[in-house]
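Worksheet for the structure shown next.
The values are calculated or read from the model by the stated rules, or taken from the named source; none is laboratory data. These figures come from a predicted structure and were not determined experimentally. Glycine also receives a Cβ, built like all others from the backbone with ideal geometry; neighbour counts cover every protein chain displayed.
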Amino acid sequence: MSQQFDVVVIGGGPGGYVAAIRAAQLGFSTACIDEWKNDKGGPAPGGTCTNVGCIPSKALLQSSEHFEHAGHSFADHGIGLDNLSIDVAKMLGRKDTVVKQNNDGILYLFKKNKVTFFHGRGSFAKAVDGGYEIAVTGTASESIVGKHVILATGSNARSLPGAPFDEQKILSNDGALRIGSVPKRLGVIGSGVIGLEMGSVWRRLGSEVTVLEGLPTFLGAVDQQIAKEAHKAFVKQGLKIELGVKIDKVTAGKSAVTVTYANANGDAVKLEVDKLIVSIGRVPNTIGLNAEAVGLKLDERGAITVDDHCHTNLPNVWAVGDVVRGPMLAHKAEEEGVAVAERIAGQHPHVNFNTVPWVIYTSPEIAWVGQTEQQLKAEGREYKAGTFPFMANGRARAMGDTTGMVKMLADATTDEILGVHIVGPFASELIAEAVVAMEFRASAEDIARICHAHPSLSESTKEAALAVDKRTLNF
Ligand code: FAD
Ligand code: NAI
């Protein structure tokens, strides 16, 4: 007789593992199946985010930023260093340790919350009375039954046609996080989030980085005033960014990768690099789910079709995270996972997509929530804008990190905050205040009247709010 669960979650990334914990907290007997293996073949729950995404990329961003500071900005603070060196193997080892701490943390949380963990692949066998039979194939094969099934199988890197990832020369995010020594020449295709973050890591460590972007606009989804400021900073740091290119061919040779492309003027260009990162977006992952066995509906992109409540076309089958529509972000996946568990319990949670923050962890960091100025213009919405540069912020000056600004957009009549856009130090942390404000539908005046600690970077948010009403105090 198969083991029976109230809730079976397939996928143990941020969407799945958090859904499993919340379901267990709500009193459901819960299983989570995840197939990710560590280097020794053991379980490594946490998905893309923990293993080859958010966590390891931030570990390398931190290490490479320390190196850059030691090499460039310590001297401004009167700190001298001789014989600065990098031990890439140690850097990667530290990153692996951080990943393992997170894997182990999730296994601990499963135990603590009494979630039964299965290490292996979960796929639909058939619909049965009172639920779905799920085949688990891993070190052992077994079959379990779930009354409710939550699918959280994530996404995979999209490859360029004719240039499959070999993870040696042509790298996805996975290979990009494992380069064993600093390549002299690194090519990056796609100047999106991964391209900029990974390009920054290896540039800081000494690579000559060329980023080739298909679109004519840099970071088209970002408020363009912020994107322009970021572009200026990246170019100054030495990132070569070419916009409006059309990739023709990628050939991996023995010692180099050759990319031929047409530049924005239509001229044919040949670029030779030692490694090439291809970061041109991700595709939802439903491989191995055996969706056909139960008639699970996918859309034309291969994503699982869901309604606003993350319900699929099948009764009691739900899907969350990268495998469904919406931004491919860990925190979005988590919010959906929690909401689905609560819906199964008969509660009425709500995920507000308008207040999902975005962060690009480059230096300067870029973070935003809500609408951009170009979106408001396109909508024909009347708005007021206020900006405040970090150059005028005392804490930023003391830190020696004055690039960028906070920009706030508010409704022209009601003063409700419609968007906050930041490029600069700790934008990733500063954005949280804006998210809270927008969740509570605050006005710019509300932020302007709140006491912010001095000296702090967050005073720039207050000043941007004051700027909406043209009354900054320090600029
Ligand atoms: P995933 O994390 O992809 O997890 C899915 C899990 O399901 C995997 O473990 C997979 O092995 C497993 N699985 C799939 N099919 C099966 C099956 N049939 N049976 C069993 N298991 C299965 N987002 C942020 O918010 N902030 C960041 O800083 C950030 N940085 C990123 C950096 C990089 C380099 C990349 C690639 C992504 C980054 N992301 C970031 C995006 C983030 O990683 C994803 O949005 C997030 O991981 C999605 O969570 P998920 O649970 O939907 O899927
Ligand atoms: P992306 O969607 O952020 O950027 C892809 C870029 O590649 C775009 O600018 C696109 O125009 C360009 N592109 C697409 N096809 C191309 C082609 N043929 N030639 C040249 N350029 C091309 O995707 P990316 O960077 O792969 O990241 C995937 C997702 O992972 C992100 O969208 C994000 O959701 C998530 N992520 C989030 C992070 C964060 O929150 N800090 C960090 C890294 C990834």
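Checking residue 147 against (1) farther than 22 Å from residue 58 by Cα; (2) touching a helix residue (DSSP H, G or I) at 6+ places or on another chain (Cβ under 8 Å), which test does it fail?
Every listed condition holds for residue 147 apart from (2).
Taking the criterion of being farther than 25 Å from residue 193 by Cα, modelled with pLDDT of 95 or more, in contact with a Leu (Cβ under 8 Å, 6 or more places away or on another chain) and not assigned by TED's automatic domain parsing to the domain that holds residue 236, would at least one residue in region 365-382 satisfy it?
yes
Being among the polar types (S, T, N, Q) and modelled with pLDDT under 95 is the filter here, so list the residues in region 232-277 that pass it.
Within region 232-277, 255 is the sole residue that qualifies.
With 427, 410, 392 as the choices, which residue is buried (at least 23 other Cβ atoms within 10 Å of the Cβ), in contact (Cβ under 8 Å) with a residue 12 or more places away in the chain and over 24 Å from the mean Cα position of the chain (by Cα)?
410
Would you pick out the residues in region 186-213 that are in a helix (DSSP H, G or I) and in contact with an Asp or Glu (Cβ under 6 Å, 6 or more places away or on another chain)?
204
Any idea which of (1) touching a Pro at 6+ places or on another chain (Cβ under 9 Å); (2) in contact (Cβ under 8 Å) with a residue 60 or more places away in the chain; (3) not in a strand (DSSP E or B) is the one residue 32 doesn't satisfy?
Going through (1) touching a Pro at 6+ places or on another chain (Cβ under 9 Å); (2) in contact (Cβ under 8 Å) with a residue 60 or more places away in the chain; (3) not in a strand (DSSP E or B) one by one, residue 32 breaks only (3).
Report yes if some residue within region 12-20 is more than 16 Å from ligand 2 (Cβ to nearest atom) and in a loop (DSSP other than H, G, I, E, B); otherwise report no.
Yes, the conditions are met somewhere in region 12-20.
So residue 303 ticks every box in (1) crowded, with 21+ Cβ neighbours inside 10 Å; (2) within 16 Å of ligand 2 (Cβ to nearest atom) but one. Which box is left unticked?
It is condition (1) that residue 303 fails.
Mind checking whether some residue in region 203-220 is surrounded by fewer than 23 Cβ atoms within 10 Å (Cβ to Cβ), away from ligand 1 (no atom under 16 Å from the Cβ), within 24 Å of residue 408 (Cα to Cα) and in contact (Cβ under 8 Å) with a residue 40 or more places away in the chain?
no
If you check residue 181 against the conditions, is it out of contact with any strand residue (DSSP E or B) (no Cβ under 6 Å at 6 or more places or on another chain), surrounded by fewer than 16 Cβ atoms within 10 Å (Cβ to Cβ) and modelled with pLDDT under 95?
No; evaluated as a whole, the condition is false for this residue.
Can you find a residue in region 431-441 that is over 27 Å from the mean Cα position of the chain (by Cα) and surrounded by 18 or more Cβ atoms within 10 Å (Cβ to Cβ)?
No, region 431-441 contains no residue that is over 27 Å from the mean Cα position of the chain (by Cα) and surrounded by 18 or more Cβ atoms within 10 Å (Cβ to Cβ).
Quick check on my filter: what residues within region 306-352 are more than 16 Å from ligand 2 (Cβ to nearest atom), within 16 Å of residue 18 (Cβ to Cβ) and either of a type in the set (S, T, N, Q) or in contact with a Ser or Thr (Cβ under 7 Å, 6 or more places away or on another chain) (or both)?
Correct list: 318, 319, 347.
Restricting attention to region 363-381, does a residue exist that is part of a helix (DSSP H, G or I), buried (at least 20 other Cβ atoms within 10 Å of the Cβ) and out of contact with any Ser or Thr (no Cβ under 8 Å at 6 or more places or on another chain)?
Yes, the conditions are met somewhere in region 363-381.
Of everything in region 272-329 that's acidic (Asp, Glu) and within 14 Å of ligand 1 (Cβ to nearest atom), which residue is nearest to residue 172 (Cα to Cα)?
Residue satisfying both the conditions and the ranking: 322.
Return the total of residues in region 265-297 being within 12 Å of ligand 2 (Cβ to nearest atom) and exposed (fewer than 15 other Cβ atoms within 10 Å of the Cβ).
Selection size over region 265-297: 1.
Within the set of pairs 6 or more residues apart or between chains, which connect a residue that is touching a residue at least 60 places away in the same chain (Cβ under 8 Å) and within 19 Å of residue 296 (Cβ to Cβ) inside region 117-131 to a residue that is part of a strand (DSSP E or B) and within 11 Å of ligand 1 (Cβ to nearest atom) with Cβ atoms less than 6 Å apart?
Pairs that qualify, where the first residue is touching a residue at least 60 places away in the same chain (Cβ under 8 Å) and within 19 Å of residue 296 (Cβ to Cβ) and the partner is part of a strand (DSSP E or B) and within 11 Å of ligand 1 (Cβ to nearest atom), are 121/137; 122/10; 122/33; 122/134; 122/136; 123/135; 125/135.
Residues that are touching a Ser or Thr at 6+ places or on another chain (Cβ under 8 Å): list the helices (runs of 4 or more DSSP H) wholly contained in region 402-475 that include at least 3 such residues.
427-439, 459-468
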